[in-house]
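Quick note: the coordinates plus some simple rules give every number you see, no bench work behind them. Here the structure is a predicted model, which is why all the values come from computation and not from measurement. Cβ atoms come from the backbone with ideal geometry, glycine included; neighbour counts cover every protein chain shown.
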Amino acid sequence: MPRLALLMRKIMLVGRVGSGKTTLTQVLRGEQISYHKTQYINHHDVVIDTPGEYAETKELARGLALYSYEADVIGLLLSATEPFSLYPPNLTGSVNREVIGIVTRIDDPEGDADQAERWLELTGVEHIFRVSAVTGEGVEELLAHLA
């Protein structure tokens, strides 16, 4: 049974280019990880995968706002290898659904998962998950939260 069947609430994954949205989508769906650049918003049953450019560009960000209405949970992804946070402080106050933080690439020796988590805390998220698509660490906890 694919992991996705365990999910009950639809999640929209948002983050910069290369933050791991598509990889996490594949892991949540129980698929083999294969890199391909997301060019447009993709609906996968109960996962909405978004291109990083939508989060990085003011004009395209409007599309995220519109698609967020189709999700039960918004997942803000921040790679442990990020040099800065894309998200402004207190962002969650302007969202009318649950927003969770997801720190990706926690297995990368160059990363700083603690810093990424602090940046996500500033957005106002109450739940932060640390995940590695390579090792699978943290994925079960994320799935349990979404069930």
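In segment 27-147, taking the dipole from charged Cβ atoms about the Cα centre, the farthest positive-side position among T57, V125, A113 is held by T57.
Comparing mean-square fluctuations of S85, S94, S132 from a GNM of the chain with C-alpha springs under 10 Å, the top value falls on S94. For the chain, rounded, prolate or oblate, judged on the Cα gyration tensor with a ≥ b ≥ c (square roots of eigenvalues), a/c < 1.5 rounded, else prolate if a/b > b/c? Rounded, because the longest to shortest axis ratio a/c is under 1.5. Could you tell me which of I41, Y87, I11 has its Cα farthest along the dipole of the chain towards the positive end, charges placed at Cβ (Lys, Arg +1; Asp, Glu -1), taken about the Cα centre? After comparing all options, I get I41. If you run the Gaussian network model on the chain, springs between alpha carbon atoms under 10 Å, then out of G20, G101, G124 the most flexible one is G124. Here the chain is treated with +1 on each Lys and Arg Cβ and -1 on each Asp and Glu Cβ, and its dipole about the Cα centre works out to around 440 debye. Hey, got a sec? Which chymotrypsin sites (Phe, Trp or Tyr not before Pro) in segment 42-147 land in a DSSP loop and have at most 13 other Cβ atoms within 10 Å? Answer by residue number: F84. For segment 47-131, trypsin sites (Lys or Arg not before Pro) meeting the loop criterion (DSSP other than H, G, I, E, B) and having at most 14 other Cβ atoms within 10 Å: R97.
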